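Single-structure report; data block below.
The values are calculated or read from the model by the stated rules, or taken from the named source; none is laboratory data. The shown structure was predicted, so the numbers you read here are calculated from the model rather than taken from an experiment. We place every Cβ from the backbone using ideal geometry, glycine too, and count neighbours over all the protein chains shown.
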């Protein structure tokens, strides 16, 4: 996490709902069909907002939550994304900053918000240096996202003392299967120290009330900096038999492991896919990480037959593209990568900040990403939804947003986007940049107008998109 200033307001109505019917701004983008029944909601006013995560409740699909930073915040919907409200009481008050959020629903329909919290970062790209007290926390909502418990639950805490590690980029995964370990919750993250980076994991078997001591799940630590060579970008998925599958980036490789005993032990980590570097800076962005995601089609069966999908982005083709690979045997063998964005290869347009979901009801694969195919200068950014109904062999691209934004390198857009789907209804969450606020001549500078690295960063927003493929001929390719 690279963070940001504080934003004090929570529990206020969502800013606006925009059904974006503005015509696409170029013939290239217009060539993309509009995502069926697409709508986009603006969740925040311009501020210090980024890194959203979204989840839909499989027990009650009318309930949807979006988490975002900064601070750790929640917007919720009780009508499948038609209307949104902000939840109160989601920000840890014991720490100055909270972020790197992720959110999920467990098998009881409880919403679980995960975040890091800290008082001070280390130095640029070397977070383990001179950091102060920091933690991985969760907070629970027992009513599906509307109200949240008064106090966070600590997963891991680094007390104030010299040389402590810094906990970074946690992501939460729930076992909602009917397997032996149904109900388990898992969180894994990068633990930075002065000398290396390690992937550690904690699990809960009691609905998040208590958590195991974090254990290292990699075999070889990574480098201690956040600019290539580290172990970063954990993501996980749980199959029909409660097998937990996990991926992360390690240099130019995507690493994979699995646990079949509820997260007690893990198979030896292996490199499954070689990529171009996944830590990079896209034009106008201070970075645009291509960290991998993994998803499983739970209908495909146990660990011997599970259909797994991994997505990431890299610049093997010169410009940045989004890729997907699949395994039909629980991760033992993987297909060659398929290019997800269907613009012309080597056209100079970047596609990045992808996120992946597999519909548990239909098996359809949905991937969200930033898309610049419509701008020959590679500045104007839209959001595209790619969808596959043939097991990841081909992808149809759909226009989701229709109003482009231009990012500023001074604004932190985060490391994540978010996507979730259920029964052909798809939800995506992403950050956009808005024009910088103009100050009145002579207006004094305010320290809150800059993030922790001195960058102006007070005009990003979070949006959530909805698309519905139920009954659409578009779901058949």
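Meeting the requirement of 1 or more residues that are under 28 Å from residue 142 (Cβ atoms), the strands (runs of 3 or more DSSP E) wholly within region 195-305 are 197-204, 231-238, 244-250, 253-259, 293-297. With respect to residue 269, is the statement that it is modelled with pLDDT of 95 or more and surrounded by 24 or more Cβ atoms within 10 Å (Cβ to Cβ) true? Criteria not met by residue 269.
Within region 379-391, is there a residue that is over 25 Å from residue 467 (Cα atoms), modelled with pLDDT of 95 or more, surrounded by fewer than 17 Cβ atoms within 10 Å (Cβ to Cβ) and out of contact with any strand residue (DSSP E or B) (no Cβ under 9 Å at 6 or more places or on another chain)? Yes, the conditions are met somewhere in region 379-391.
Does residue 350 count as surrounded by 24 or more Cβ atoms within 10 Å (Cβ to Cβ) and under 26 Å from residue 70 (Cβ atoms)? So residue 350 fits the description; yes. Is there a residue being surrounded by fewer than 24 Cβ atoms within 10 Å (Cβ to Cβ), over 30 Å from residue 240 (Cβ atoms) and modelled with pLDDT of 95 or more anywhere in region 322-332? Taking every residue of region 322-332 in turn, none turns out to be surrounded by fewer than 24 Cβ atoms within 10 Å (Cβ to Cβ), over 30 Å from residue 240 (Cβ atoms) and modelled with pLDDT of 95 or more.
Number of residues in region 343-368 that are assigned to a strand (DSSP E or B) and under 17 Å from residue 397 (Cβ atoms): the value is 11. Could we say that residue 408 is crowded, with 17+ Cβ neighbours inside 10 Å and either modelled with pLDDT under 95 or within 24 Å of residue 314 (Cβ to Cβ) (or both) here? Yes.
Please go through region 121-146 and pick out each residue that is free of Cβ contacts under 8 Å to residues at least 40 places away in the same chain and surrounded by fewer than 20 Cβ atoms within 10 Å (Cβ to Cβ). Once the filter is applied, which keeps residues that are free of Cβ contacts under 8 Å to residues at least 40 places away in the same chain and surrounded by fewer than 20 Cβ atoms within 10 Å (Cβ to Cβ), region 121-146 yields 123, 130, 132, 133, 142, 143. Check region 217-228 and report whether any residue there is surrounded by 23 or more Cβ atoms within 10 Å (Cβ to Cβ) and farther than 28 Å from residue 353 by Cβ. No, region 217-228 has no match at all. Output the number of the condition that residue 160 fails; it satisfies all remaining conditions of (1) surrounded by fewer than 22 Cβ atoms within 10 Å (Cβ to Cβ); (2) touching a strand residue (DSSP E or B) at 6+ places or on another chain (Cβ under 9 Å); (3) assigned to a loop (DSSP other than H, G, I, E, B). Against the list (1) surrounded by fewer than 22 Cβ atoms within 10 Å (Cβ to Cβ); (2) touching a strand residue (DSSP E or B) at 6+ places or on another chain (Cβ under 9 Å); (3) assigned to a loop (DSSP other than H, G, I, E, B), residue 160 comes up short only on (2).
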